[in-house]
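Report on the structure given below.
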Amino acid sequence: FFSCAISPVVVAGLRKALELTQNEPELRTKLWENVAYMQKLLGDAEVPIGDSTSHVIPIMVRDDARIFMIGEELLREGVFINPVRYPAVGKHKSRFRMSISAAHSPEELEDGAEIITRVLRKYGICP
């Protein structure tokens, strides 16, 4: 089992986010449009994404030894996504947890999907 406590700064951010979603519902609509668009872009490119009902899209790598190396290459290419491996997830279930926001533009999502696809293909993660 793996866990960590939420910091007070995160709690304050969450409170503000809840306030914004109540006062600006169009942000929620934009968020879900962006999530669906990125899922489509990655799915069309056969990037192995896991099931998600949130704004966090899991990209399944399943290579505990290389996930950080792949993450570093993605960062050099301009994409920062959080790598997660054992013990935070089961052995051989490593993944990236990509967070989508309402602030992302369609062009940013397209560029990000292209970079992710190219790098993952290089490592044989997707066809």
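The values are calculated or read from the model by the stated rules, or taken from the named source; none is laboratory data. Remember, predicted model here, so these are calculated numbers, not experimental data. Positions of Cβ are generated from backbone atoms using ideal geometry, with glycine treated the same way; all protein chains shown enter the neighbour counts.
Residues checked against (1) touching a helix residue (DSSP H, G or I) at 6+ places or on another chain (Cβ under 9 Å); (2) assigned to a loop (DSSP other than H, G, I, E, B):
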residue	(1), (2)
26	no, no
30	no, no
34	yes, no
37	yes, no
41	yes, no
47	yes, yes
62	no, yes
65	no, yes
For segment 12-30, check the following and say yes or no: at least one residue is at pLDDT below 95, under 20 Å from residue 127 (Cα atoms) and surrounded by fewer than 17 Cβ atoms within 10 Å (Cβ to Cβ). no
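Which count do you get for residues in segment 77-89 that are in a loop (DSSP other than H, G, I, E, B) and buried (at least 16 other Cβ atoms within 10 Å of the Cβ)? First the steps, then the outcome.
Start the filter on segment 77-89 by keeping residues that are in a loop (DSSP other than H, G, I, E, B), which leaves 77-81, 85-89.
Filter once more, so that each one left must be buried (at least 16 other Cβ atoms within 10 Å of the Cβ): 79, 81, 85, 89.
So the answer is 4.
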Quick count over segment 90-124, residues being surrounded by fewer than 17 Cβ atoms within 10 Å (Cβ to Cβ), free of Cβ contacts under 8 Å to residues at least 40 places away in the same chain and assigned to a loop (DSSP other than H, G, I, E, B), is 7
Return the pairs, sorted by first residue and then second, in which the second residue is among the hydroxyl-bearing types (Ser, Thr, Tyr) and surrounded by 16 or more Cβ atoms within 10 Å (Cβ to Cβ), the first residue lies in segment 32-45 and is in contact (Cβ under 8 Å) with a residue 24 or more places away in the chain, the beta carbons are less than 6 Å apart, and the residues are 6+ apart or on different chains. 45/117
